[in-house]
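Novice: Please read through the structure below; I'll follow up with questions.
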Amino acid sequence: MTEDQIRRILEEFKAGGLSSDDALQRLRALPFEDLGFANVDHHRSLRQGFPEVIFGAGKTVEQVRRIVESMYKHEHNILVTRTTAGHFEGVKQVAKEAEFHESAQAITILKDRKIHGKGIVMVVSAGTSDMPVAEEAVVTLKVMGNQVDSLYDVGVAGLHRLLDRRERLAQARVVIVAAGMEGALPSVVGGLVAVPVIAVPTSVGYGASFNGIAALLGMLNSCASNVTVVNIDNGFGAAVVASLINRQ
């Protein structure tokens, strides 16, 4: 539930157009709603600026559908991450306008298309294989009201591809960089821009990359002082932090 929704309820009650019982009924789900298998946090957008996001992995189609149904009563955007086409079919029963982003493995329902960020968030991927993680970040950023630019397949094996887009990089207020293998790209980007760089190690790479651990350690040891790091394959988490920075 958003601040505007609560304000309208209070104003309607004050004007006499809403009884105390009706107002109580509308506010009943304000802290959270117990669905038996999940406690949906309707209050999160008031505390953090964003509504709760549904993590689809491990949830059944019916569980995701019911959580979306609970959240759909309110006027905020809905995001389901790490999801499947099966989950999407369930969500479509609740919201016909829902969209499935196959590469990002995400479902979105957009009710609020207002831009809340103050600048552009750039999402960069080292290789095409890193794109699913980058796309998760892009989808999350858009749901959370940011202007987004994306730049894919510009890794250090062909650095001229990145340098050719320096002007676009310079326009960003925050940069997210997804890279696997040795994870070198965030350090390069960090040396080119004067804004926060959020590095996302991906699990892409051959055996000695250890499913992203090599990239994670490389990014944690970055010599670029404006680079910070989130967990392996966590495009969503990078986008949330970037959104918070972009709103300041």
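The values are calculated or read from the model by the stated rules, or taken from the named source; none is laboratory data. All figures in this text were calculated on a predicted structure; none of them were measured in a lab. Glycine also receives a Cβ, built like all others from the backbone with ideal geometry; neighbour counts cover every protein chain displayed. For the accessible areas, the whole protein counts, side chains as well, though only heavy atoms, and no ligand, DNA or RNA atoms are used. Shrake-Rupley method; radii C 1.70, N 1.55, O 1.52, S 1.80 Å.
Novice: Tell me, what is a quarter of the convex hull surface for the C-alpha atoms of segment 94-136, in nm² with one decimal?
Specialist: 4.1 nm²
Novice: Using only the Cα atoms of segment 68-149, build the gyration tensor, take square roots of its eigenvalues as a ≥ b ≥ c, and label the shape rounded, prolate or oblate: rounded if a/c is under 1.5, else prolate if a/b is larger than b/c, else oblate.
Specialist: Judged from the Cα gyration tensor, segment 68-149 comes out oblate (a/c at least 1.5, b/c at or above a/b).
Novice: Between Leu244 and Asp22, what FRET efficiency follows from the Cβ-Cβ distance if R0 is 35 Å, with the result rounded to 0.05?
Specialist: The calculated FRET efficiency here is 0.50.
Novice: Would you give the gap between the C-alpha center of segment 136-166 and the C-alpha center of segment 192-226, rounded to a whole Å?
Specialist: Result: 15 Å between the Cα centres.
Novice: Using the reciprocal of the averaged 1/r over all distinct C-alpha pairs, how large is the Kirkwood radius of the chain in Å?
Specialist: 19.3 Å
Novice: Hey, another quick one. Report, to the nearest whole %, how much of the accessible area of the chain belongs to carbon and sulfur atoms, 1.4 Å probe, protein only.
Specialist: C and S atoms contribute 52 percent here.
Novice: What residue among Phe100, Val200, Gly56 has its Cα farthest toward the positive end of the dipole of the chain, where the charges are +1 on Lys, Arg and -1 on Asp, Glu, each on the Cβ?
Specialist: Comparing the listed Cα positions along the dipole, Val200 ranks first.
Novice: Right, another one. If the limit is 28 Å between Cα atoms, which of Lys14/Lys142; Lys96/Lys118; Lys59/Lys142; Lys59/Lys114; Lys73/Lys142; Lys59/Lys118 go over it?
Specialist: Beyond 28 Å between Cα atoms: Lys14/Lys142; Lys96/Lys118; Lys59/Lys114; Lys59/Lys118.
Novice: Which value, in debye to the nearest 20, gives the size of the charge dipole of segment 50-131 about its Cα centre, when Lys and Arg are +1 and Asp and Glu are -1 at the Cβ?
Specialist: 200 debye
Novice: Please report the net charge: other residues with Cβ closer than 10 Å to the Cβ of Phe100, K and R +1, D and E -1.
Specialist: -2
Novice: Here's something else I'd like to know. Using the Cα centre as the reference, give the magnitude of the dipole from point charges on the C-beta atoms of the chain (Lys, Arg: +1; Asp, Glu: -1; all else neutral), rounded to the nearest 20 debye.
Specialist: Here the size comes out at about 460 debye.
Novice: While we're looking at this one, here's another question. Suppose the chain between Leu159 and Asn39 were pulled fully straight at 0.36 nm per residue; how much longer would it get relative to their current alpha carbon spacing?
Specialist: Residue separation times 0.36 nm, minus the Cα-Cα distance, leaves 38.5 nm.
Novice: Could you give the longest part of the chain that holds none of the chymotrypsin sites (Phe, Trp or Tyr not before Pro) found in DSSP loops with at most 13 neighbouring Cβ atoms within 10 Å?
Specialist: Result for the longest clean stretch: 38-205.
Novice: At 7 Å along the Cα-to-beta-carbon direction for both Asp149 and Glu89, put a label point, then send me their distance in nm to one decimal.
Specialist: 4.1 nm
Novice: Which value in nm describes the separation of the simple spin-label points at Tyr72 and Ala194, placed 7 Å from the Cα toward the beta carbon?
Specialist: 4.8 nm
Novice: Also: Considering only DSSP beta bridges where both residues belong to the chain, give the percentage that are antiparallel (nearest 5).
Specialist: 30 percent
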